[in-house]
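Structure first, then comments.
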Amino acid sequence: MLIYDTRYRSLTFQVIAALVLALSFWFLGNNLIQNLRAAGLNISYSFLGETSGYDINQVLIDYDSRSTHLRAAIVGILNTLLVAFFACITATIFGVIAGVLRLSNNWLVAKVMSVYVEIFRNIPVLIWIIIIFTIMTAVLPGPRAFRGDNATASMVLDLFAFTNRGIYIPSPHFESGLFDSAVQNWLLVIAFLVGSFFATRRVSAWATAKQEATGVRPSTFWINLAIWFVPVILLMLIMGLSWEVPALKGFNFAGGIKVGGPLIALWFALSIYTGAFIAENVRAGIQAISKGQTEAASALGLRPSRVMNLVVLPQALRVIIPPLISQYLNITKNSSLAIAVGYADITATLGGITLNQTGRAIECVLLLMLFYLTISLLISVVMNTYNNAVKLKER
Amino acid sequence: MSTELAFVRTEQIPPSPPPSSAIGPKKWIKDNLFSSIPNTILTIVTIWLIYTVLMVVVPWMANGVWNTSSLTECREVLQGKTGACFSVLSERWNQILYGFKYPVDSYWRPNTALILLAFAAAPVMFFDLPRKMLIFTAIYPFLAYWLIWGGTILGPLVALLGFVAGGFAFMRLSFKSFAAGFFGAIIAAFAVWIIGGGLIPETASENSLLAAVPSRDLGGFMLNLMLGVTCVSLSLPLGIALALGRQSNMPLIKGISVVFIEFVRGVPLITLLFVASVMLAYFFPPDSTVDLFLRVVIMITMFSAAYIAEVIRGGLAALPKGQYEAADSLGLDYPQAMRLIILPQALKISIPGIVNVAVGLFKDTTLVSVISMFDLVGMIRGPILASTEWNGVYWELLGFAAFLFFVVCYGISQYSQWLERRLATDHR
């Protein structure tokens with residue numbers, strides 16, 4: 001028998017596996033073909049070029065109901081990336097604060113933080129999204145409440161309006177931009193910020209060189225602060241930055257940027273939910289650094305802030321970052337729950353309305369999976385690169 | 001007159017107590033709450049926060065109304081006071097737990113299944129219990145299926161007999177070789193299922209002891225629990241197989257496992273549920289009807305199997321190489337080495353991770369509400385909040401749902417921590 005001969009055993013098993021695999025693929029494919037033929041369907045992606053015929057309430061690029069399904073899908077992709085990006089930032093902030101405070105000497109604060117972590121980790125994120133969506137729609141006042149002399153609601157600082165149709169915030173404009181289009185003006189601002197980043201890198205390299213030459217590290221805090229803020233503020237003054245404040249016009253607010261309730265609900269719920277998980281990662285990372293490290297650094301005469309910056313954090317980050325990145329991946333995947341509150345992300349546009357309108361279930365779901373797979377593969381490439389970069393260099 | 005010069009003491013004075021600031025609650029408060037200025041500020045802010053939250057929640061809960069039949073009635077009783085309308089819970093209790101279609105006179109069936117689940121799970125969870133209880137655990141899935149879905153008992157019985165026959169075939173043949181036992185077991189099981197399935201009369205389910213309940217009638221928290229328990233228990237063996245496949249040095253087997261695991265982990269569960277609801281039916285034979293519950297179970301099982309596989313792979317990788325070599329040098333073949341040496345240790349290491357996956361999966365069962373199955377969240381957002389009586393009762397319902405999930409998930413994670421301490425045989 002082939003399976004008793006160690007020379008051929010592995011080959012035999014693989015041939016059997018290949019046969020089983022081919023057989024099951026043939027079975028599934030055959031069923032698919034027969035079912036499609038019975039239903040009079042075919043696999044075709046031409047529906048992407050057809051007019052979508054539905055409106056989307058939250059768009060980042062030009063879109064209306066005469067646009068194609070493909071454009072609707074792109075709107076969805078951008079919306080997914082938008083909410084995922086902001087949720088990653090805020091979740092990190094919540095997580096780091098909660099994780100550090102959970103290790104605080106203050107008994108009360110530590111207990112409150114562990115209650116936060118336990119409550120949010122043990123309740124499904126879908127329920128959190130719905131709860132916050134309910135706050136947005138059922139608790140916040142309608143635009144009508146802002147009207148009249150004895151209005152029951154008022155704008156916060158006269159700049160922000162919290163209504164049940166969404167949150168209105170002031171939007172920045174350039175009066176005398178150097179370019180005609182707003183996008184190019186903003187790109188210029190971003191270019192300045194990138195320039196500042198590289199300038200601060202040069203400053204810190206200069207400080208290190210000076211420290212190695214003289215033994216004294218010059219203070220760079222004020223220089224860095226100036227590099228970050230002075231050029232950008234000057235640029236904004238030159239281009240005439242002005243803010244358009246939302247105001248009540250007719251039955252609704254006009255002007256400013258409208259951030260819809262579904263977006264807020266999804267963003268905030270993902271942030272606090274994932275923040276609880278990140279808090280645990282941060283706590284584990286800090287606790288993973290043995291006390292001897294801190295004590296050794298203090299014994300060398302380092303100040304507490306430098307102990308943190310030079311000894312504890314670099315080691316803790318090595319532990320924290322990989323789970324942190326997989327939490328970011330989780331945020332991106334959980335943002336597909338947008339469909340539950342009607343935020344137009346890729347799952348809601350391509351996998352929801354487009355699928356229902358065209359009936360192209362297989363194509364839509366496959367494209368949807370392809371998008372998420374691409375994102376997660378990209379993130380895992382980043383993660384592996386990072387892991388290799390910070391890996392302990394051992395022989 | 002006797003003069004006593006008793007200036008030299010004959011006994012020691014008892015030590016005076018430490019100053020009140022250095023002992024007792026005062027010191028504790030000083031050290032833990034007000035040790036420095038930032039700490040004091042933090043404490044005051046936290047106390048204020050807790051106070052604000054309690055001031056809202058406590059009157060709301062304390063003024064709760066438990067026995068009205070609609071929201072308007074409840075508001076009349078409250079007369080403008082803040083208070084919860086918990087009466088939605090008492091009035092819709094059955095819908096929250098069982099969905100709105102499960103026959104009312106059969107509620108004892110899922111209840112019994114839940115109680116029996118405790119007995120079936122006990123020997124798996126607590127090792128001190130007699131091992132004979134595992135026999136009941138093995139019977140339980142078939143019993144629970146029969147209790148919840150009803151219909152003829154012959155179906156589950158044939159399924160059970162198939163497994164028994166497979167087990168016997170494996171025991172008889174595995175002395176020869178594992179492969180022979182494995183394939184023999186599969187053939188024996190299928191033989192019993194096909195023959196037994198043919199023997200069940202068509203009319204068996206009509207005059208059965210328990211009335212048949214179609215699976216679209218399942219709902220409420222029962223549906224979450226059923227999906228959670230079924231998918232976790234099905235995905236464990238699949239996950240172990242995938243983890244071993246990923247460790248294998250046969251390129252094809254390894255490739256299949258890696259592609260499967262990475263694919264499933266790369267997409268959100270919701271897309272897999274879309275597959276279950278709109279796409280999977282195309283892949284079954286044209287005349288077959290596979291109901292939505294089964295399709296969802298298939299997809300969720302695949303999903304959690306991929307995650308469990310990664311956890312177990314971590315456990316396998318954490319074992320020292322000496323364990324593998326020791327197994328080889330004892331002359332054990334691959335199945336023996338895995339069963340007797342590698343997997344018991346690797347699974348022990350992976351238990352916390354597996355429990356994490358199980359908790360995550362249980363929470364994710366709420367997503368089935370998106371593909372219009374009426375689980376707990378689906379019931380709340382659908383039939384209950386849409387009804388004229390209870391339109392607008394958000395906090396009581398969502399709070400109760402959150403509470404149910406919190407109790408179950410927190411319980412499981414506490415169990416996992418206990419198990420971890422219990423299994424920590426090293427570092428004593």
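The values are calculated or read from the model by the stated rules, or taken from the named source; none is laboratory data. Please read all numbers here as calculations on a predicted model, not as lab measurements. Because the Cβ atoms are built from the backbone with ideal geometry, glycine has one as well, and the counts that use them run over all protein chains shown. To get the accessible areas, we keep the full protein, side chains included, count just its heavy atoms, and leave off ligands, DNA and RNA. Shrake-Rupley method; radii C 1.70, N 1.55, O 1.52, S 1.80 Å.
What to note about this one:
- Counting only residues that are open to solvent by less than 90 Å² (accessible area, probe 1.4 Å) and free of Cβ contacts under 8 Å to residues at least 24 places away in the same chain, the stretch A:48-70 holds 9 of them.
- Top-ranked residue of the stretch A:272-307 - restricted to ones that are over 17 Å from A:ARG102 (Cβ atoms) and among the hydrophobic types (A, V, I, L, M, F, W, C), ranked as surrounded by the fewest Cβ atoms within 10 Å (Cβ to Cβ): A:ALA299
- Residues of the stretch B:80-123 satisfying the condition of being assigned to a loop (DSSP other than H, G, I, E, B) and within 18 Å of B:GLU396 (Cα to Cα): B:GLY80, B:LYS81, B:THR82, B:GLY83, B:ALA84, B:CYS85, B:PHE86, B:ARG92, B:GLY99
- Meets criteria (over 28 Å from B:ASP375 (Cα atoms), out of contact with any Phe, Trp or Tyr (no Cβ under 8 Å at 6 or more places or on another chain) and more than 10 Å from chain A (Cβ to nearest Cβ)) for B:ILE261: no
- Matching option when the condition is closer than 30 Å to A:ALA145 by Cβ, of a type in the set (Gly, Ala, Ser) and part of a helix (DSSP H, G or I), among A:ALA265, A:ALA279, A:ALA226, A:ALA209: A:ALA265
- Each residue in the stretch A:117-149 was checked for being hydroxyl-bearing (Ser, Thr, Tyr) and open to solvent by less than 40 Å² (accessible area, probe 1.4 Å), and 1 of them qualify.
Residues are listed down the side, and each one gets a yes or a no for (1) at pLDDT 85 or above; (2) open to solvent by less than 90 Å² (accessible area, probe 1.4 Å); (3) more than 14 Å from chain A (Cβ to nearest Cβ):
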residue	(1), (2), (3)
B:THR3	no, no, yes
B:GLN12	yes, no, yes
B:LYS30	no, no, no
B:VAL65	no, yes, yes
B:LEU71	no, yes, no
B:THR82	no, no, no
B:TRP93	yes, no, yes
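- Looking only at residues of the stretch B:95-131 that are more than 21 Å from B:LEU223 (Cα to Cα) and among the hydrophobic types (A, V, I, L, M, F, W, C), we find that the one that is least open to solvent (accessible area, probe 1.4 Å) is B:ALA122.
One line per residue, one yes/no per condition, for (1) touching a residue at least 12 places away in the same chain (Cβ under 8 Å); (2) out of contact with any Ser or Thr (no Cβ under 8 Å at 6 or more places or on another chain); (3) more than 30 Å from A:ALA288 (Cα to Cα):
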| site | (1), (2), (3) |
| --- | --- |
| A:GLN14 | no, yes, yes |
| A:ALA38 | no, yes, yes |
| A:GLY76 | yes, no, yes |
| A:PHE85 | no, yes, no |
| A:ASN105 | no, no, no |
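- Check on A:LEU235, modelled with pLDDT of 80 or more, out of contact with any strand residue (DSSP E or B) (no Cβ under 8 Å at 6 or more places or on another chain) and open to solvent by 30 Å² or more (accessible area, probe 1.4 Å): no
- Within the stretch B:327-350, residues that are surrounded by 14 or more Cβ atoms within 10 Å (Cβ to Cβ) reach partners that are part of a loop (DSSP other than H, G, I, E, B) with beta carbons closer than 6 Å, at six or more positions or on different chains, in the pairs B:GLN345/B:LEU319; B:ALA346/B:LEU319.
- Residues of the stretch A:191-201 satisfying the condition of being open to solvent by 90 Å² or more (accessible area, probe 1.4 Å) and either outside any helix (DSSP H, G or I) or within 30 Å of A:GLY240 (Cβ to Cβ) (or both): A:PHE198
- Any hit, the stretch B:418-425, residues being β-branched (Val, Ile, Thr) and facing chain A (nearest Cβ under 10 Å): no
- Any hit, the stretch A:28-51, residues being under 18 Å from A:THR349 (Cβ atoms) and of a type in the set (Val, Ile, Thr): yes
- For the stretch B:150-188, a residue qualifies if it is aliphatic (A, V, I, L, M) and within 14 Å of chain A (Cβ to nearest Cβ), and the qualifying residues are B:LEU173, B:ALA179, B:ALA180, B:ILE186.
- Just one of the numbered conditions (1) touching a residue at least 12 places away in the same chain (Cβ under 8 Å); (2) away from chain A (no Cβ under 12 Å) is not true of B:LEU269: (2).
- Any hit, the stretch A:173-182, residues being touching a His at 6+ places or on another chain (Cβ under 9 Å) and open to solvent by 30 Å² or more (accessible area, probe 1.4 Å): yes
- Within the stretch A:311-352, being modelled with pLDDT under 85 and crowded, with 19+ Cβ neighbours inside 10 Å holds for A:GLY351, A:GLY352.
- Hey, B:THR68 among the hydroxyl-bearing types (Ser, Thr, Tyr) and either outside any helix (DSSP H, G or I) or under 28 Å from B:ALA185 (Cα atoms) (or both) or not: yes
- One residue stands out in the stretch B:379-396 among those that are in a helix (DSSP H, G or I) and more than 10 Å from chain A (Cβ to nearest Cβ): the one that is nearest to B:VAL359 (Cα to Cα), namely B:MET379.
- Scan of the stretch A:28-47 for residues that are surrounded by 13 or more Cβ atoms within 10 Å (Cβ to Cβ), within 14 Å of chain B (Cβ to nearest Cβ) and not in a helix (DSSP H, G or I), ordered by number: A:LEU41
- Any hit, the stretch B:364-378, residues being free of Cβ contacts under 8 Å to residues at least 24 places away in the same chain, of a type in the set (D, E, K, R), outside any strand (DSSP E or B) and within 13 Å of another protein chain (Cβ to nearest Cβ): no
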